[in-house]
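Each remark here refers to the structure printed beneath this line.
The values are calculated or read from the model by the stated rules, or taken from the named source; none is laboratory data. These figures come from a predicted structure and were not determined experimentally. Cβ atoms come from the backbone with ideal geometry, glycine included; neighbour counts cover every protein chain shown.
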Protein chains: 2
Amino acid sequence: MRGVSIVGIGQIPVGEHWDQSIRHLAYGAVSAAMQDANIDRADALYVGNMLSGILLGQEHLATLIADFCGLRGIEAAKVEAACASGAAALRMGYLAVASGLHDVVLVAGVEKMTDTPSGSTTAALATAADAEYESAHGVTFVGLNALIMQRYMYEYDVPMEAFAGFSINAHRNGAHNPYAMFQRPIDLETYRNAPMVAEPINMMDSSPICDGAAAVVLVPTDRAREFVTGHHRGPVRILASASATDMLAIHDRRDPLFLEAAHLSSQKAYLQAGVGPEEIDFFELHDAFTIMSALSLEATGFARRGEGWRMATEEEIGIRGRLPITTMGGLKSRGHPVGATGVYQVVEAVLQLTGQAGENQVPDARIGMTQNIGGSGATIITHILAT
Amino acid sequence: MRGVSIVGIGQIPVGEHWDQSIRHLAYGAVSAAMQDANIDRADALYVGNMLSGILLGQEHLATLIADFCGLRGIEAAKVEAACASGAAALRMGYLAVASGLHDVVLVAGVEKMTDTPSGSTTAALATAADAEYESAHGVTFVGLNALIMQRYMYEYDVPMEAFAGFSINAHRNGAHNPYAMFQRPIDLETYRNAPMVAEPINMMDSSPICDGAAAVVLVPTDRAREFVTGHHRGPVRILASASATDMLAIHDRRDPLFLEAAHLSSQKAYLQAGVGPEEIDFFELHDAFTIMSALSLEATGFARRGEGWRMATEEEIGIRGRLPITTMGGLKSRGHPVGATGVYQVVEAVLQLTGQAGENQVPDARIGMTQNIGGSGATIITHILAT
């Protein structure tokens, strides 16, 4: 397998883009990434997206985006793995370059969830769960996560407020990210006063519904220096790409409080990269809900079982903490345009690794990890990146 | 890149499976393929599917199928490229094995289009077209193909009946395929009397709405003999895998009567395989509508422009003809469960190449080609297979 490097990144601000359709959102990110890598052509475009068929009546999305971005003729395909679609598309691009088939590959993640012509976004998101055994009974996606959080609080005797630190950290970092949806800090009082969404998950535990797009350019590592044009500190290598799954429905899992797919995919990634958790300088985890932050830290080797919530302090997860997480605001503050999130995470990791993270710069960041979660933990994809 | 071979195939009969949900359809094909390859485990499962989100309220489909097939933990992702989703998933599996990342990969195509709990299948299929510039105006998918066929008949002064031979050939072959939806021959009279769907496309020009699933097992060519267990004549190599796109909306194409993506992807495939059209022993083309058969033959190097329809005779495309096509019934007679079709085509090519095609066996079939079309020609994926 050839080494694969990232030589260009692009993103648009996350928010409610009522004036733009999904092709425009994608164009913004793709064109920025192409400019960053100084290319005007690619061999293929892989798109991570979950909901364009249901919400926008548009399948065949990758080909549409290739067309709209002026890339007539190139290979294009959409990859879907619920909220892990972005990382799944990245992985397909990684395989295309690693195999030797393609030399220059674009990967974009895009989602338009607001101002959609049809359907309810909440109902659409529930299609990530088991349609016949979960969503058919009316449980929403936040409802499923609430069941998990409730169980966690019961099993480990943890109060709701124990999760506040994840949200406070995300907003502290998002405040300095011009691409974040919510660019203002919150405090414990904000968390306490937040309206309940599905007990015990409140508004400050939850990532928002929003629109966004992010993109990266992948090339073989041995050609990466050709594309890096000065303003970067260097290309970023993909040291590891690993994907794993679990039972789709929570009630089928061996233990609903352990993210087996996070464990499996991170272990595979550590092995492939030849590093352990102690060498990870920062971790872009998937904080769709605060409970997922705790479970991800536990399954990925950063905390003991039942103790992930103890890391929700600035000393532990802040920019200068032991393991900085959600360094550009995470899903909570930057936003969670579902199929785009996995690519945003990687774009942000590249910013950190190339010293472009501004006020959020993690000192001496050399190795970063991203983890994208689909459904209530059934598909989890981990990437490890390094300069 | 490593060579990639197919060592197992599975399919279920195409039809209206009102008693089975999509997970059961997929299980039928996946378990048959696993049995054929004599495996009880795989490294990854890639699923081609277009409509499960819209019609069934089930995204995250690949992980669900991995779960339901007893493959807990393995990598899973869905690949979508409208009606070319099956071949797009195969291509992802091909990349995963070719890269050296995985050794045993399952690829499944599955679609459930009948007895769906929500929405109209006709409206869902229109999501393959440009939502804002085509389907928003009410044009259906058959409507778009009717515009193309009308133009073809006008430009080349061809009568409707010129296309009948494609349909007659498909049904002649499908009559001997136990997995085909329509297992009876038709004649010119049947074609003449068929009700009009969207002029000039009649019922006998059109592939049916149906349910189906097919699967293959991919391994590195140098390990293929370990998996082939006696009843086969041998593993089948994937000599070429190539994908190309065109503008999504017909009105944006340089010429609506030329399938540029078919031309591009077949030229890439010929180059990769080191063979030309004259060496192809049979061609599983994408006869969603008879007009697509004519256009595919023209763009892929088998007929001059405007003359593809002249091949619609038994001497040309019959089992013992110059270039046998749709040898197991094609989309018209076997059926077109859209996201599954690309995998059915490959399963059928393997049957031909291993001498298992029964009454439809193409004599001395050594090199076969499959071509899967998404939308009205915007994504076209070509594979060349050989023993």
> Which pairs do you get when a residue that is more than 12 Å from every other protein chain (Cβ to nearest Cβ), found in segment B:255-272, comes within reach of a residue that is surrounded by fewer than 17 Cβ atoms within 10 Å (Cβ to Cβ) and of a type in the set (Lys, Arg), reach meaning Cβ atoms under 8 angstrom, with the pair 6+ apart or on two chains?
Replying inline: B:Pro256/B:Arg151; B:Leu257/B:Arg151; B:Leu257/B:Arg305; B:Phe258/B:Arg305
> What number of residues in segment B:51-106 are touching a residue at least 24 places away in the same chain (Cβ under 8 Å), closer than 26 Å to A:Gly57 by Cα and not hydroxyl-bearing (Ser, Thr, Tyr)?
Replying inline: 25
> (1) under 23 Å from A:Leu101 (Cβ atoms); (2) in contact with a Lys or Arg (Cβ under 6 Å, 6 or more places away or on another chain): which one isn't true of B:Gly276, the others all being true?
Replying inline: (2)
> Is it true that A:Glu134 is in contact (Cβ under 8 Å) with a residue 60 or more places away in the chain and not aliphatic (A, V, I, L, M)?
Replying inline: yes
>> Need the failing condition index for B:Gly93 against (1) touching a Leu at 6+ places or on another chain (Cβ under 8 Å); (2) of a type outside the set (Val, Ile, Thr); (3) farther than 27 Å from B:Leu239 by Cβ, just the number.
In response: (3)
> Does A:Met292 qualify as being assigned to a helix (DSSP H, G or I), under 15 Å from the mean Cα position of the chain (by Cα) and buried (at least 23 other Cβ atoms within 10 Å of the Cβ)?
Replying inline: yes
> Do you know which residues across segment A:228-259 are closer than 21 Å to A:Val139 by Cβ, of a type outside the set (Val, Ile, Thr) and not in a loop (DSSP other than H, G, I, E, B)?
Replying inline: A:His251, A:Asp252
>> Against the condition facing chain B (nearest Cβ under 8 Å), in contact with a helix residue (DSSP H, G or I) (Cβ under 9 Å, 6 or more places away or on another chain) and surrounded by 24 or more Cβ atoms within 10 Å (Cβ to Cβ), how does A:Leu51 come out, does it pass?
In response: yes
>> Looking only at segment A:95-139, count every residue that is out of contact with any strand residue (DSSP E or B) (no Cβ under 7 Å at 6 or more places or on another chain) and of a type outside the set (Asp, Glu) and tell me the total.
In response: 24
>> Any residue at all in segment A:5-15 that's in contact with an Asp or Glu (Cβ under 7 Å, 6 or more places away or on another chain) and within 14 Å of another protein chain (Cβ to nearest Cβ)?
In response: no
> Do we find a residue being more than 14 Å from chain B (Cβ to nearest Cβ), acidic (Asp, Glu) and out of contact with any strand residue (DSSP E or B) (no Cβ under 9 Å at 6 or more places or on another chain) anywhere in segment A:37-47?
Replying inline: yes
>> Would you confirm, using the coordinates I've provided, whether B:Ala164 is in contact with a Leu (Cβ under 9 Å, 6 or more places away or on another chain), part of a helix (DSSP H, G or I) and touching a residue at least 40 places away in the same chain (Cβ under 8 Å)?
In response: yes
>> Can you pull out every residue in segment A:129-160 that is away from chain B (no Cβ under 12 Å) and polar (S, T, N, Q)?
In response: A:Thr140, A:Asn145, A:Gln150
>> Restricting to segment B:68-94, give me the number of residues that are in a helix (DSSP H, G or I), closer than 14 Å to B:Val110 by Cβ and within 7 Å of another protein chain (Cβ to nearest Cβ).
In response: 1
> What number of residues in segment A:112-128 are at positive phi and either within 11 Å of another protein chain (Cβ to nearest Cβ) or touching a Pro at 6+ places or on another chain (Cβ under 6 Å) (or both)?
Replying inline: 1
> Inside segment A:298-387, counting only helices (runs of 4 or more DSSP H) that do not spill past its ends, which hold 1 or more residues that are of a type outside the set (Phe, Trp, Tyr), buried (at least 21 other Cβ atoms within 10 Å of the Cβ) and in contact with a Ser or Thr (Cβ under 7 Å, 6 or more places away or on another chain)?
Replying inline: A:330-333, A:338-353
> Which residues, taken from segment B:112-161, are surrounded by fewer than 22 Cβ atoms within 10 Å (Cβ to Cβ), polar (S, T, N, Q) and not in a loop (DSSP other than H, G, I, E, B)?
Replying inline: B:Thr121, B:Thr122, B:Gln150
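Take A:Val30 and tell me if it is crowded, with 24+ Cβ neighbours inside 10 Å, more than 9 Å from every other protein chain (Cβ to nearest Cβ) and modelled with pLDDT of 95 or more.
Details: crowded, with 24+ Cβ neighbours inside 10 Å: yes; more than 9 Å from every other protein chain (Cβ to nearest Cβ): yes; modelled with pLDDT of 95 or more: yes.
Yes, satisfied.
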> Pick from B:Glu284, B:Glu359: which is of a type outside the set (Phe, Trp, Tyr) and closer than 21 Å to B:Leu90 by Cα?
Replying inline: B:Glu284
> Failed condition for A:His60, given (1) more than 7 Å from every other protein chain (Cβ to nearest Cβ); (2) within 17 Å of A:Ile22 (Cα to Cα); (3) in contact with a strand residue (DSSP E or B) (Cβ under 9 Å, 6 or more places away or on another chain), with all others met?
Replying inline: (1)
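A quick yes/no check of all residues on (1) within 25 Å of B:Leu323 (Cβ to Cβ); (2) not in a helix (DSSP H, G or I):
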residue	(1), (2)
B:Phe182	yes, yes
B:Ile186	yes, yes
B:Glu189	no, no
B:Arg192	no, no
B:Val197	no, yes
B:Ala213	no, yes
B:Arg225	no, no
> Does B:Ile291 satisfy the condition of being under 22 Å from B:Ile201 (Cα atoms) and in contact (Cβ under 8 Å) with a residue 60 or more places away in the chain?
Replying inline: yes
>> I'd like the full set of residues that are surrounded by fewer than 24 Cβ atoms within 10 Å (Cβ to Cβ) and within 11 Å of chain B (Cβ to nearest Cβ), limited to segment A:95-111.
In response: A:Ser99, A:Gly100, A:Leu101, A:His102
